[in-house]
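The values are calculated or read from the model by the stated rules, or taken from the named source; none is laboratory data. Just so you know, these numbers come straight off a predicted model, no measurement behind them. Methodologically, a virtual Cβ is constructed for each residue, glycine included, from the backbone with ideal geometry; neighbour enumeration extends over all protein chains shown. The accessibility values were calculated without ligands, DNA or RNA, using every heavy atom of the protein model including side chains. Shrake-Rupley method; radii C 1.70, N 1.55, O 1.52, S 1.80 Å.
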Amino acid sequence: QVQLVESGGGLVQPGGSLRLSCAASGRTFSSYTMGWFRQAPGTERDFVAAISRSGGATYYSDSVKGRFTISRDNAKNTVYLQMDSLKPEDTAVYYCARTVYGYGYTSRRNYDYWGQGTQVTVSS
């Protein structure tokens, strides 16, 4: 059915940059708000960023605001997360997900499909 596939993770030094991509299957991509979450070892999966259906509105957690940028290309069924000024605290598995809601976008329970995750490691 619906599949979300993340890519672009890897090892980067503090202060470096990475660009994550999430490719979605199906023809309903533009009907959904899309979000990025991350999960470090031994922690809960936490909200990172979200983007509205048209891409006209974006939302960020306080920890990444000013450093990360979420965007989407509905013609390509793809959502992106540009990560700049990376810190060791950003090390986690990053997941993309979809939600039908234009609100409650920070809550995991509002997302019905998730990708498999991509590892981001920030270390010197």
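Could you tell me which residue of segment 30-54 is least open to solvent (accessible area, probe 1.4 Å), considering only residues that are without any contact (Cβ under 8 Å) to a residue 60 or more places away in the chain and in contact with a helix residue (DSSP H, G or I) (Cβ under 7 Å, 6 or more places away or on another chain)? Among them, the one singled out is Ser30. Across segment 12-29, what is the total count of residues that are modelled with pLDDT of 95 or more and part of a loop (DSSP other than H, G, I, E, B)? Residues meeting the conditions: 5.
Residues that are outside any helix (DSSP H, G or I) and open to solvent by 60 Å² or more (accessible area, probe 1.4 Å) within segment 86-104 comprise Lys87, Val100, Tyr101, Tyr103, listed in sequence order.
In segment 59-81, the residue that is farthest from the chain's Cα centre (by Cα) out of those that are surrounded by fewer than 16 Cβ atoms within 10 Å (Cβ to Cβ) and in a strand (DSSP E or B) is Asp73.
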